[in-house]
Amino acid sequence: MGEIKISPDYNWFRSTVPLKKIIVDDDDSKVWSLYDAGPRNIRCPLIFLPPVSGTADVFFQQILALSGWGYRVIALQYPVYWEIFEFCDGFRKLLDHLQLDKVHLFGASLGGFLAQKFAEYTHKSPRVQSLILCNAFSDTSIFNQTWTANSFWLLPAFMLKKIVLGNFASGPVDSEMADGIDFMVDRLESLGQSELASRLTLNCQNSYVEPHKIRDIPVTIMDVFDQSALSTEAKEEMYKLYPNARRAHLKTGGNFPYLCRSAEVNLYIQIHLLQFHGTRYAAIDPSMVSAEELEVQKANLQPSNEQEKEVL
C-alpha cells in the first residue's frame with residue numbers, strides 16, 4: 001500500500017520542485033497551489049489541471065520527465081470556486097500574474113472539462129493554444145447529478161469522499177493501477193470539505209461545452225479502453241464534438257493513466273506538443289530539441305499498438 005508515496009521518484013520530486021501558493025482574487029482564502037518546473041524563459045508552458053480527487057502532485061511523473069527534457073510544465077491545485085465562471089475568471093487572473101499570454105492545457109476528467117470551459121470563456125481574446133483532454137467530458141449531465149449539485153456544500157466530508165470513491169475502479173487491476181488508485185485515495189483524504197464540495201459542484205452543475213467557440217484550437221483526446229468513470233457514450237460525444245482531434249488511446253490505465261501508464265502518457269504529450277516546436281508557442285526550450293530525437297520518439301510509438309497510430 002502507498003507504494004507511490006514512498007517511491008524514490010515521488011520523494012525526489014517533493015524535495016526538488018517547490019510548491020508555490022498564489023492569491024489572485026480579492027478573497028485571500030482563494031489560494032492557488034502550483035508546481036512550476038522547467039525553463040522559465042518559456043512563455044507558453046503546459047499546465048496540468050487535476051480531477052475532482054486530485055492535487056497538483058498527481059502529475060509528478062509528467063513534471064519530472066517533461067521538465068527533464070526541456071519543457072516548462074506547471075501543475076495546479078484549484079482554490080474553492082463554486083461557479084464555472086468564477087473558476088475561469090480566477091484562472092485568467094492567475095495566468096496574468098504568471099505573465100503567461102497563452103498556454104497549453106492538459107486536463108484530467110473535471111480538469112479536462114474546466115480546460116474546455118476556460119478556452120470557451122477566453123475565445124474572444126484567446127489564452128489557450130491547445131488542449132490535451134484525458135478521460136474528459138463535455139457535458140455534466142452525463143453524471144445525472146445536476147439536481148443534487150447545489151446541495152453538495154451541505155454534505156460532510158466523509159459523504160463527499162464516498163461519492164468520489166464510488167467512481168474508482170473496484171475490480172481486479174494490475175499492481176501499477178492499484179498503486180495509482182492508492183495514491184489518489186491518499187490525495188483525496190488530504191482535501192477538505194469545501195474543496196471537495198466545490199469541485200463536485202463544478203463537476204455536476206448543469207453546464208456543457210460550446211464547441212463552435214473553440215473549434216480552431218488543436219486538441220488531442222486521450223482515453224483508455226479499460227474501466228474508467230466515463231461511459232462509452234461520453235467518449236463518443238467527445239469524438240463528435242472534436243472531429244479533427246488527434247486520438248491517443250491507451251489499452252489500459254483506468255481513471256489515472258498519468259500515474260500508472262506515465263511513459264505512454266508522456267510520449268503522447270510530446271507528440272501533441274511537436275506541432276508547436278519552432279514557433280513562439282513551443283513549450284520546450286529550443287536548445288533541447290533535436291530532429292533525430294523527435295523522429296525516434298514518433299517511431300517508438302508505432303510498433304506498440306496499431307490503434308494508437310491515430311495520434312500521429
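Does at least one position in region 169-181 carry a residue that is free of Cβ contacts under 8 Å to residues at least 12 places away in the same chain, in a loop (DSSP other than H, G, I, E, B), open to solvent by 30 Å² or more (accessible area, probe 1.4 Å) and more than 27 Å from Pro45 (Cα to Cα)? Yes, because at least one residue in region 169-181 is free of Cβ contacts under 8 Å to residues at least 12 places away in the same chain, in a loop (DSSP other than H, G, I, E, B), open to solvent by 30 Å² or more (accessible area, probe 1.4 Å) and more than 27 Å from Pro45 (Cα to Cα). Number of residues in region 220-241 that are more than 11 Å from Leu133 (Cα to Cα), crowded, with 19+ Cβ neighbours inside 10 Å and among the hydroxyl-bearing types (Ser, Thr, Tyr) equals 1.
Based on this model, can you work out whether Val31 counts as open to solvent by less than 30 Å² (accessible area, probe 1.4 Å) and β-branched (Val, Ile, Thr)? For Val31, the condition - open to solvent by less than 30 Å² (accessible area, probe 1.4 Å) and β-branched (Val, Ile, Thr) - is not met.
For region 211-220, the count of residues that are under 23 Å from Arg261 (Cα atoms), of a type outside the set (Asp, Glu) and touching a residue at least 24 places away in the same chain (Cβ under 8 Å) is at least one. Return a yes/no flag: does region 121-133 have any residue that is of a type in the set (Phe, Trp, Tyr) and either within 14 Å of the chain's Cα centre (by Cα) or modelled with pLDDT under 95 (or both). The answer is no; no qualifying residue exists.
State yes or no: is Ala149 under 14 Å from Thr201 (Cα atoms), touching a Cys at 6+ places or on another chain (Cβ under 9 Å) and among the small types (Gly, Ala, Ser)? So Ala149 fits the description; yes. Among the residues of region 12-31, none is identified as at pLDDT 95 or above and farther than 18 Å from Ile74 by Cα. Scanning region 10-28 for residues that are more than 30 Å from Gly278 (Cβ to Cβ), surrounded by 15 or more Cβ atoms within 10 Å (Cβ to Cβ) and out of contact with any His (no Cβ under 7 Å at 6 or more places or on another chain) yields Tyr10, Ile23, Asp25.
Tell me yes or no: at least one residue of region 1-9 is open to solvent by less than 50 Å² (accessible area, probe 1.4 Å) and either of a type in the set (Asp, Glu) or at pLDDT 95 or above (or both). Scanning region 1-9, I find no residue that is open to solvent by less than 50 Å² (accessible area, probe 1.4 Å) and either of a type in the set (Asp, Glu) or at pLDDT 95 or above (or both), so the answer is no.
The strands (runs of 3 or more DSSP E) located wholly in region 34-147 that include 1 or more residues which are closer than 22 Å to Ile181 by Cβ and open to solvent by 10 Å² or more (accessible area, probe 1.4 Å) occupy 73-77.
The values are calculated or read from the model by the stated rules, or taken from the named source; none is laboratory data. Quick caveat: nothing in here was measured; it's all calculated off a predicted structure. All Cβ positions, glycine included, derive from the backbone under ideal geometry; neighbour counts span all protein chains shown. Please note that ligands, DNA and RNA were not included when accessible areas were found on the heavy atoms of the full protein model with its side chains. Shrake-Rupley method; radii C 1.70, N 1.55, O 1.52, S 1.80 Å.
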